[in-house]
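In what follows, a structure is listed as structure tokens, so that the remarks can point back to it.
The values are calculated or read from the model by the stated rules, or taken from the named source; none is laboratory data. Computed from a predicted structure; not experimentally measured. All Cβ positions, even for glycine, are placed from backbone atoms using ideal geometry, and neighbour counts span all protein chains on display.
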């Protein structure tokens, strides 16, 4: 499984959406599934053309999507982009999940996202009933338990996401996964420096093997320093560029049967068995 940043501010929605086809087709040819992130919380250029002015927030010197965007500004440029790309690829077999945005609500101001997830999720579901919808959030820890339950209890949010670095294990949202019966993906993990394979293995084992009863479905690893330097590149000229690659995953059977069970991405979440360390990259074949 791979995760890509699909948006770009260097061209129109139609042009940028067309670029994604090469990535999805290549993933299908290599028996991979794709999490498609639809925008970025940080001002990296991986957002829809025209949304640059929405980055009015600031957290520790980082420009962030501002409150106005979350309270309705997302409808101006982001929502039309979502309609374009989701409508175009709703039937593509390589899609695993649509991600509302990378690290959205990353700063400890959770009320920002109170309007966008329900409305955007409903828009995606109206265009694509086959595929999962993920939040892309770092954690629900900055929400109250009631807010977290309300967000992840939405019928249009299928996947709980966590970003946790340096094996800190500060953002453990597995209680939501267990309570709501929804899969959880550790989308981003890794170490700053000075670590070897054993550290990565131990981190994966903590999330997968050590989380008895938790529905941890994937652990993604990438270079923490690359995230700090904001060196991610948007999908340009049909090339995926450097991406965070979900290298290992653990799977637990979910109790909830997702809608559209005929879709391979949903079968992957539903059918892979007890918690175990398995390699998804490369995959010898699609789940049947």
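Mind listing whichever residues of the stretch 5-22 are surrounded by fewer than 22 Cβ atoms within 10 Å (Cβ to Cβ) and in contact with a strand residue (DSSP E or B) (Cβ under 6 Å, 6 or more places away or on another chain)?
Matches in the stretch 5-22: none.
Just checking, how many residues over the stretch 200-217 are part of a loop (DSSP other than H, G, I, E, B), surrounded by fewer than 21 Cβ atoms within 10 Å (Cβ to Cβ) and modelled with pLDDT of 60 or more?
Selection size over the stretch 200-217: 2.
When you go through 66, 57 one by one, which is the residue that is touching a strand residue (DSSP E or B) at 6+ places or on another chain (Cβ under 6 Å), without any contact (Cβ under 8 Å) to a residue 24 or more places away in the chain, surrounded by 15 or more Cβ atoms within 10 Å (Cβ to Cβ) and within 16 Å of residue 103 (Cα to Cα)? Reasoning before the result, please.
Details: 57 fails: without any contact (Cβ under 8 Å) to a residue 24 or more places away in the chain.
Matching residue, one of 66, 57: 66.
Considering only residues that are at pLDDT 95 or above, touching a strand residue (DSSP E or B) at 6+ places or on another chain (Cβ under 9 Å) and surrounded by fewer than 22 Cβ atoms within 10 Å (Cβ to Cβ), which ones fall in the stretch 91-120?
92
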